[in-house]
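Worksheet for the structure shown next.
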Amino acid sequence: TQLLEQSPQFLSIQEGENLTVYCNSSSVFSSLQWYRQEPGEGPVLLVTVVTGGEVKKLKRLTFQFGDARKDSSLHITAAQPGDTGLYLCAGAGTGGTSYGKLTFGQGTILTVHP
Amino acid sequence: DSGVTQTPKHLITATGQRVTLRCSPRSGDLSVYWYQQSLDQGLQFLIQYYNGEERAKGNILERFSAQQFPDLHSELNLSSLELGDSALYFCASSVAAGSSHIRGYTFGSGTRLTVV
């Protein structure tokens, strides 16, 4: 069974601060995805990283995939109240019946105070 | 609007009852996934269907069952409901079982089930 551990579980910061969320596993994934979920809605895909060591930027968000494709991080620069939400990482299986199947981390609840 | 439609949005029912949750996947998507989300358990995978056939099972209780119909919509049936079944139930879809590793899943807005 592939497991993904996200940390921290909760993050409460002031507007303008930087933060990093980590997603770690002992398993190798074919890709790592990050989703954002707002209250009353389903998770929405933010980004997919596929290649070990890959870095992707989405405005103030920077996503990195570990060299060994077992871990990932999400860094937010100058956080804004609109960034508040639940952030979920998800790893895609590498082969067989698990190919493409996503395993989700427990999520990080981010609250950005004005 | 994500393109994945879930009904109903809210459901309140008594213990011991049976309910059916419905999901219409995004147009063109053949795979449907059901997830349960509760505060202490996170997003738990229940079951996956691909083009009408069961593809994978997760932590789905025997009291729960699902199916995907020829028009690709899916239903999740929950029976003999218990208080602990109260949760958000999400449906997600993807084009094909193997494409998810790049394109990810598209989630619906969920059904909030409250068992009283």
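No value in this document is a laboratory result; all are computed from the given coordinates. What you see is a predicted model; the values in this text were computed from it and never measured. Note that we place each Cβ from the backbone using ideal geometry, even for glycine, and neighbour counts take in every protein chain shown.
Using the structure shown, select from A:Lys59/A:Lys101; A:Lys57/B:Lys9; A:Lys56/A:Lys101 the pairs with a Cα to Cα distance greater than 32 angstrom. Write down the numbers at each step before the final one.
Details: A:Lys59/A:Lys101 28 Å; A:Lys57/B:Lys9 34 Å; A:Lys56/A:Lys101 22 Å.
Too far apart for the 32 Å limit: A:Lys57/B:Lys9.
So what is the relative contact order of the range B:56-116, in percent, for Cα pairs below 8 Å that sit 6 or more residues apart? Walk me through the numbers before you get to the answer.
Working: 63 pairs, mean separation 18.4, N = 61.
In percent, rounded to a whole number, it is 30.
At 222 nm, what value in deg cm²/dmol follows for chain B if DSSP H runs of at least 4 each add -39500 (n - 2.57) and the sum is divided by all its residues, to the nearest 500?
Per the formula, -500 deg cm²/dmol.
So for the range A:1-106, Kirkwood radius off the Cα pairs, Stokes-Einstein at 20 °C and 1.002 mPa s: how many µm² s⁻¹?
Numbers: Rh = 14.0 Å.
Taking Rh from Cα pairs, D becomes 153 µm²/s.
Show which aspartates and glutamates lie in cross-link reach of A:Lys70 when reach means a straight Cα distance below 14 angstrom and same-chain residues fewer than eight apart are skipped.
A:Glu5, A:Glu54
When Cβ neighbours within 10 Å are restricted to other protein chains, what is their mean count per residue of peptide B:37-45? Before the final figure, lay out the partial values.
Details: counts 7, 0, 0, 1, 1, 9, 13, 1, 4.
Across B:37-45, the average partner-chain Cβ count within 10 Å equals 4.
Set the Förster radius R0 to 35 Å, insert the Cβ-Cβ distance between B:Arg63 and A:Thr51 as r into 1/(1 + (r/R0)^6), and round the FRET efficiency to 0.05. Could you put the intermediate results ahead of the total?
Numbers: r = 42 Å, r/R0 = 1.21.
For B:Arg63 and A:Thr51, the calculated efficiency is 0.25.
Using the Cα atoms as the points, what is the convex hull volume per residue of the protein assembly as shown in Å³?
Cα convex hull per residue, to the nearest whole number: 117 Å³.
Could you give me the radius of gyration and the Dmax of chain B, taking only the C-alpha atoms into account and expressing both in angstrom?
According to the Cα coordinates of chain B, Rg and Dmax are 13.3, 41 Å.
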